Amino acid sequence: MTHEKMNWDRSTLAAQALHLINEATGAVVPGIEPASTFARGADYELKGGFNYARNENPTTKATEKVLAALDGGADAMAFNAGMAAVVSLFETVRTGQHIVAPRVMYHGGQDWLRRLSQTRGIGLTFFDQTQEGALEEAIHPGETAIVWIETPVNPTWDVIDIERAAKAAHEAGAILGVDSTVAPPCTTRPLELGADIVFHSATKYLGGHSDLTAGALIGARTNALWDEIKQVRKLTGGILSPFDAWLLLRGMRTLFVRFERASDNAMALARSLSGHPKVVQMLYPGLESHPGHEIAKKQMRGGFGGMMSLLIDGDAAAAKRVATAAKLFIPATSLGGVESLIEHRKSIEGPHSIVPENLLRLSVGIEDVRDLIADLEQALEAI
Ligand SMILES: Cc1ncc(COP(=O)(O)O)c(C=O)c1O
């Protein structure tokens, strides 16, 4: 029986990787098919639809089926890094067209957009994601090709209303792309809120174990744009390798339980550190005090996740001292893994960063929350 015939919840689909049992062997998990090329049949036909692994291959395809099902898309494409997916999507924007994106977002994506605007004659407007109506004002009807949002934005966790952004994009003839890395499909499904394409750095929550880099695009529909992105992936060799696709598929099976635990831990930690004498402000969309809390409640239905930032009472040097004084939180970049990380964000973002120097970003994992709280309390003594 295939999952299409069943009305299973997405957590069930994830846990069983779509119930993809190998009919020939009975294996309950999909295997890895490492072949780079595929033999043709007697009439020179392709046997399974595959001819060369850079175009498509069976293992990556199996993972893409799970990605598409979890986000409710018509199709999915897996890439060898989140940035490979982002670059492939923006490669479809033509000279003279225009892109809209938040002023605070993942810095690598923003660097790429700046490069496009400087070298390719593509218009670019960054909007202030904290200002109501700023997204709408940034759009140039008839010229804007892609409205790009990230929510919650990294690393201030401002929340952008996906439904409202989709409406604004569509009224102007643009598409809405959503970086949903921090809000994976166990909590937010942007396609159901009107987005056209969802993006994930699958390096983060989808993989979940800090042991692979991967990216994913999930399309609401397959159309000429989707085909063009696929063509870019094929010609640039951006596809996720079979081994990494298999690791990603394995990671996604525990996505729902990992995310739930990380969300519970993060909420307890945020509450415990709010009002701490060395913490000036806690930025976490799960807190009622967070300006984006109401929208977050509406579009993060399965938990607010494990990402938060704290503004400490001190300068950059003090923030770095706290990061290195932690004994359990690991001082490293990235997010969404089972282990908790702490990071001085301004150090990694480069010259364009507008992130405050006293901001420490936390990726809260699935450890015992009492250990996490105790660790941060002792680390804050370093100020
Ligand atoms: C929100 C967000 N988007 C995109 C990316 C880029 O993904 P990758 O590092 O997998 O290329 C990251 C990576 O940190 C991210 O955090």
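When +1 charges are put on Lys and Arg Cβ atoms and -1 charges on Asp and Glu Cβ atoms, the dipole computed for the range 108-243 relative to its Cα centre reaches about 640 debye. Placing dummy labels 7 Å off each Cα toward the beta-carbon, the span from Ser334 to His140 is 3.9 nm. Cα-based values for the range 158-282, radius of gyration first and Dmax second, are 17.5, 55 Å.
Beta-bridge orientation, the chain: approximately 60 percent antiparallel, per DSSP, counting only bridges with both partners inside.
Could you work out the equivalent-ellipsoid semi-axes for the range 249-383, taking the square root of 5 times each eigenvalue of the Cα gyration tensor, largest first, in whole Å? Each step should come with its number before you reach the end.
Numbers: eigenvalues 104, 56, 48 Å².
In descending order, the three semi-axes are 23, 17, 15 Å.
Rounded to the nearest 10 Å², what accessible area does Asp111 have for a 1.4 Å probe in the complete protein model? We get 70 Å² for Asp111. Each principal axis of the Cα cloud of the range 57-185 was evaluated for its coordinate range; sorted largest first, these ranges are 43, 30, 28 Å.
To the nearest 10, the accessible area of Trp8 is 90 Å² with a 1.4 Å probe.
For the range 224-268, the percent of C-alpha pairs falling in each 5 Å distance bin, counted from 0 to the bin holding the largest distance, reads 5, 18, 13, 13, 14, 13, 11, 9, 4, 0.
Taking label positions 7 Å along the Cα-Cβ direction at both Ser36 and Asn22, the computed distance is 2.3 nm, reported to one decimal. Using only alpha-carbon positions in the range 327-383, the gyration tensor eigenvalues give semi-axes of 22, 14, 7 Å once each is multiplied by 5 and square-rooted (largest first).
Potential lengthening of the chain between Glu45 and Glu192 amounts to 49.1 nm, from the contour at 0.36 nm per residue minus the alpha-carbon distance.
With +1 on each Lys and Arg Cβ and -1 on each Asp and Glu Cβ, how big is the dipole of the range 260-338 about its Cα centre, in debye rounded to the nearest 20?
Numbers: 9 positive and 6 negative charges, 31 e Å.
For the range 260-338, the charge dipole is close to 140 debye.
Each Lys and Arg adds +1 at its Cβ and each Asp and Glu adds -1 at its Cβ; summed about the Cα centre, the chain shows a dipole of about 560 debye.
When the P(r) is computed for the range 22-125, the part past 15 Å accounts for 74% of the Cα-Cα pairs. Relative contact order of the range 185-335, taken over Cα pairs closer than 8 Å and 6 or more residues apart, is 23 percent.
So, R0 is 22 Å and r is the distance between the beta-carbons of Arg271 and Gln131; what FRET efficiency does that work out to, to 0.05? Intermediate results must be reported in sequence, preceding the final value.
On the way: r = 28 Å, r/R0 = 1.27.
Efficiency computed from Cβ-Cβ geometry: 0.20.
Across the range 77-148, counting alpha-carbon atoms alone, Rg and Dmax equal 12.2, 35 Å.
Note: the range 57-111, Cα convex hull, 124 Å³ per residue. Ranked from largest, the principal axis spans of the Cα set of the range 295-373 equal 36, 30, 22 Å.
Report the extension gain between Asp9 and Asp111 in nm, rounded to one decimal, defined as 0.36 nm multiplied by the number of residues separating them, less their alpha carbon distance. Residue separation times 0.36 nm, minus the Cα-Cα distance, leaves 32.9 nm.
Accessible area ranking (1.4 Å probe, heavy atoms, ligands and nucleic acids excluded), largest first, for Arg301, Arg115, Arg120: Arg301, Arg115, Arg120. By the equivalent-ellipsoid construction on the alpha carbon gyration tensor, the chain comes out with semi-axes of 35, 26, 19 Å, ordered largest to smallest.
State, as an integer percentage, the relative contact order of the chain based on alpha-carbon contacts under 8 Å between residues 6 or more apart.
On the way: 812 pairs, mean separation 62.5, N = 383.
Reported as a whole number, the value is 16 percent.
Ordering Phe304, Phe126, Phe79 by accessible surface, largest first, gives Phe126, Phe304, Phe79; the 1.4 Å probe counts only protein heavy atoms, with every chain in place. Each 10 Å bin, from zero up to the one with the longest distance, holds this percent of the alpha carbon pairs of the range 175-239: 21, 47, 30, 2.
The distance from the alpha carbon centre of the range 95-121 to that of the range 220-235 is 20 Å, rounded to a whole number. Computed over the Cα atoms of the range 219-320, pair by distinct pair, the Kirkwood hydrodynamic radius stands at 17.2 angstrom.
The values are calculated or read from the model by the stated rules, or taken from the named source; none is laboratory data. No experiment lies behind these values; they were computed from the predicted model shown. Don't worry about glycine lacking a Cβ; one is built from the backbone with ideal geometry, like all the others, and counts go over all protein chains shown. These accessible areas exclude ligands, DNA and RNA; they are computed on the full protein's heavy atoms, side chains included. Shrake-Rupley method; radii C 1.70, N 1.55, O 1.52, S 1.80 Å.
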